[in-house]
Each structure stands twice: as structure tokens, then as C-alpha cells.
Amino acid sequence: KNFVDVNENRPDDAEITAKRVARDLEEWEYYKSFDSEDTGTFETVNVAGMVDTKAVADEVLARVRRNENHPTSTTCQPKMDLVFVLDGSSSVSMLNFKTMKSFVLDMTRAMDVSETGTRVALVMYGTMVDVRFRFNTHFDKDSVLAAIAALPETPLGLTNTGDALFAVSSTILIPSAGSRLYDLVTPQVLILLTDGMANIGRTPEAEADVIRSMGVDIISIGIDLSASGIGQLNAIATDPDSEHVFFLTNFAELRDILTNITTLACNANINITRPPAWGAWSQWSSCTTSCGPTGTRVRAR
């Protein structure tokens, strides 16, 4: 086999893995076991071209040493509505999707997930859009992490970013889905991860305009994009682009921006101007006449 999985949150196991690799590369049937409740982050090391067992062991240990000092949490504001929009089109390999999922898991671990704290929603898309869960589906961190870990390598197909953003504005950023958009004190953050320019469906730029007008900060992360794709992500994200758009050459670089993205989300603007919402009705006024059919009463909102 050509890959070995390393749990970076358990470096002792990684050392055992490395020693096993160094001792018996030809028997490449080893996969590190882990407890079912373990939610550690995994990184895949490609060893297909390594014939020197020491080089394999050194590479595995180097990854672990790097991640021992990698922050997996940050100080976050008391509450936030956070929605992830993940590109699951055919151009995203299973390995890269796994890396993207690890990024989302790590970021979620840094949040105070609860009904009164941070609420998390997630949308996947390819040709079709799959709303995996809304803000009021899970109110505890373990449930959210389990739902993210269970994401399948689907829906595949083309890159329908526009319809995915439309699904966010129409089915997630609404009170019945647990959104606190109109309480005016809960930051709203959307994180889009994609590896390509949209090639089917609604216009992503227009759909993003709608979401931003609702008071949502959009952070765009693009991996190995063309010039056109870069322009599209700039148009989707909240301004300034220098703070809200991240361009990477490969999915592995998600690890390098984890802290920056988490910090950016945790410090999202909570004073965003939001569209007006109807308030509660006032009490009825007194009737203009004491009797008869011509009197009127008034209330307002």
C-alpha cells in the first residue's frame, strides 16, 4: 500500500507507526488503530516513491513534530453562526476531501459549540447540493464533529457553487433553521472551500451578494485555481479580499492557514448592518367611538 495515516494528536502512536514502517516496509499492511471516540486529525503521507525505510520514518516523524506545535484552538467570541460550504465535485479526490474534512474538524474543535454558543451548519455540493445539517440540527460539539466525520465523498459531478450559496440563503440563514441572523449580536460567518470555478447552476457572485447583504462575512478558500477562478472567489468574498480570500496550491496547505481562518472567523464583525426585520405588534389603541360600527382601533409594528 502507498499511504499511511498518522494521528497527529497522538504523537506516541505516530512514533510506533514510524518504527513499524522502518522495520518492515515490504509488509505494508499496517494501519494504526484508534479508539472509536478518538476525534484526532489525520494526515496521509505518500510513501510510494520512498525505498529507504529511514526516509519514510523521518518523514512521518517530521509531520508529527510539526503538528505537535500546531494550535488546534483559539480564543473565540462567545457565540457565532458558522456555515461551511464544501466543494465535493469530481475534481476533489478522496484524499483531498479527507484533508478538507480534517480542516473543518480542527476548526470546529476550536469553537464553543452549543445552543447558546457557536452553532454550525454545513453544505456540500457537486452537481447537486446536499444540505448536511443546519444550525439547529446539532447543539453540542461531539454531535457536530461526528456529523462532519461522517461526511461521504459525494455528491460529485460538476462545480455548482451558485446553487450551494442559494441553499445557504434560502434554507440555512432563516430562523426555522436555527439562524440568529436578526438578533444583531451574533456574528454570521460562511467559509467556502473549492478547487475550481463554478461551471453549472446559478451565478455564484450574485448569490454571494445576497448573502453578504444579509450581514454575513464570507471567507473564500481556493485551491489550485485558474485566473478566472481567482476572480470569482474575490467577487464572492467579503471585502477586503486581502483579509477574506486565501489561495492555496494544494489541499495540504489548509493546515498552514488553519489558525488564520479560525482567528478571522472568531473575530468576525458583529456590527454588520443587517436588513430590517418585522418587530412585534404594539397593543391595540382605544376605539375612536364608544359604540356603533364606525369606530377604529390602531396597532403598529
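A few points about this structure:
- Between Gln77 and Ser242, the distance separating the two model label sites (each 7 Å from Cα on the Cα→Cβ line) works out to 2.2 nm.
- Under 17 Å from the Ile257 label point (7 Å along Cα→beta-carbon), backbone N, region 213-237: 217-237
- Each part gets one Cα centre, and for region 229-244 versus region 75-106 those centres are 18 Å apart.
- Charge dipole (region 109-208, unit charges on Cβ, about Cα centre) - positive-most of Val189, Ala177, Ala208: Ala177
- Cβ-Cβ FRET estimate between Met94 and Ser282, R0 fixed at 51 Å, reported to 0.05: 0.35
- Taking other residues whose beta carbon is less than 9 angstrom from the beta carbon of Val92, and scoring Lys, Arg as +1 and Asp, Glu as -1, yields -3.
- According to the calculation over all Cα-Cα pairs in region 186-299, the P(r) per 5 Å bin from zero is 2, 10, 17, 17, 13, 9, 5, 3, 4, 4, 4, 4, 3, 2, 1, 0 %.
- Charge tally in the Cβ shell below 15 Å around Thr171, where Lys, Arg are +1 and Asp, Glu are -1, Thr171 excluded: 0
- The value obtained for region 104-217, namely the Cα convex hull volume divided by the number of residues, is 98 Å³ per residue.
- Student exercise, region 182-301 dipole from Lys, Arg, Asp, Glu Cβ charges, in Debye to nearest 20: 1000
- Between Asp224 and Val185, the distance separating the two model label sites (each 7 Å from Cα on the Cα→Cβ line) works out to 4.6 nm.
Readers should treat all values here as calculations from the given coordinates under stated rules, not as data from a laboratory. Everything quoted here is computed from the prediction, not taken from an experiment. Ideal geometry is used to build each Cβ from the backbone, glycine not excepted, and the neighbour counts take in all protein chains shown.
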